[in-house]
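All remarks here apply to the structure that follows.
The values are calculated or read from the model by the stated rules, or taken from the named source; none is laboratory data. This one's a predicted model, so the numbers in the text were calculated from it and none came from an experiment. A quick note on method: Cβ atoms are made from the backbone with ideal geometry, for glycine too, and the neighbour counts reach across all protein chains shown. Surface areas here come from the heavy atoms of the whole protein model, side chains and all, with no ligands, DNA or RNA. Shrake-Rupley method; radii C 1.70, N 1.55, O 1.52, S 1.80 Å.
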Amino acid sequence: DVPQGVVRMLNVGPVHEAGFTGKGVRIVMVDSGFAHDHPFFVLHKYQSSIALAPGAANRDADANGHGTGESANIFAVAPDATFIGVKVDNDDDPRAGASMLEGFQEALRHSPKVISISMGYDLRADDGVAPLTELPKSLVALEAEIQAAVAAGIIVVFSSGNGHYSFPGQMKEVISAGGVFADAAGRLSASDYASAFQSRIY
């Protein structure tokens, strides 16, 4: 039940009651897209702006649905934050969308306090099982951008993965976020595809 269930399960209620609702905080989320004309967002009067990363298209659509759903969690926790969504998908041509690096670089252009990205790369060896012990050169630029952003005081959050050896989630500079299942009684249980691993790189 969003937003009430998220607020309850994360114990955000007392924080809201103390007057902390995200007001004045700029949060940039990089994801598949943000269909914020959906009645859910209109009903709750959530405000947002959407930017397109290079190659992304259709500012008001989210053919995948992932970013729209993830953004609802941000609004539940920080309903008064300044939310900027950076869309990386091209709905007409999946091969033409932006890379995660391009999405992150676009996020930096919006003077964020927080960058949240619920995506990542799975760093597995060629056998498809063992974790890599060295970061692929193709990801070094993203690593450097993240390190520079954190050094500049930006809070960077990435997903810990769905059974992945997730990068950038395994970087020591970022907050690596996971999730749990919650039943109607509020009991929590780990997903059967949750990520749990010791990084061989960091």
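Observations on the structure shown:
- Taking segment 92-202 and dividing mean pair separation by its residue count, relative contact order in percent (alpha carbons under 8 Å, at least six apart): 26 percent
- Computed over neighbours whose Cβ is under 13 Å from that of Gly85, the net charge equals -4, Lys and Arg +1, Asp and Glu -1.
- Taking every protein chain into account, the 1.4 Å probe leaves Thr133 with about 100 Å² of accessible area, to the nearest ten.
- Leu108, Leu135, reordered so the largest accessible area comes first (probe 1.4 Å): Leu108, Leu135
- Remark: segment 118-124, residue by residue, has Karplus-estimated 3J(HN,Hα) of 8, 9, x, 9, 9, 8, 10 Hz, where x stands for each Gly or Pro and the curve is 6.51 cos²θ - 1.76 cosθ + 1.60 at θ = phi - 60°.
- For Ala177, the residues whose amide H sits under 5 Å from its own are Phe158, Ser159, Ser160, ignoring neighbours fewer than 5 places away on the same chain, with H placed 1.01 Å from N.
- Sequence ranges 151-157, 14-20, ranked by mean other-Cβ count within 10 angstrom, highest first: 151-157, 14-20
- In the complete set of protein chains, residue-level accessible area for Lys113 is approximately 100 Å², probe 1.4 angstrom.
- Computed 3J(HN,Hα) for segment 95-105, one whole-Hz value per residue from the Karplus formula 6.51 cos²θ - 1.76 cosθ + 1.60 where θ = phi - 60°, is 7, 9, x, 7, 7, 5, 4, 5, x, 5, 5, glycine and proline marked x.
- Each residue was assigned an accessible area with a 1.4 Å probe, and for Arg124 the value is about 80 Å².
- Inter-label distance for Ala141 and Ala194, nm, one decimal - labels placed 7 Å from Cα along Cα-to-Cβ: 3.6 nm
- Computed magnitude of the charge dipole of segment 71-202 (debye, nearest 20; Cβ of K, R +1, Cβ of D, E -1): 400 debye
- To put it simply, the accessible area of the chain at a 1.4 Å probe is 53 percent carbon and sulfur.
- Dipole in debye (nearest 20) - segment 23-74, about Cα centre, beta carbon charges: Lys, Arg +1; Asp, Glu -1: 260 debye
- Prolate/oblate/rounded call for segment 88-168, Cα gyration tensor, a/c under 1.5 rounded: oblate
- For the chain, relative contact order (Cα pairs under 8 Å, six or more residues apart, normalised by length) works out to 20 percent.
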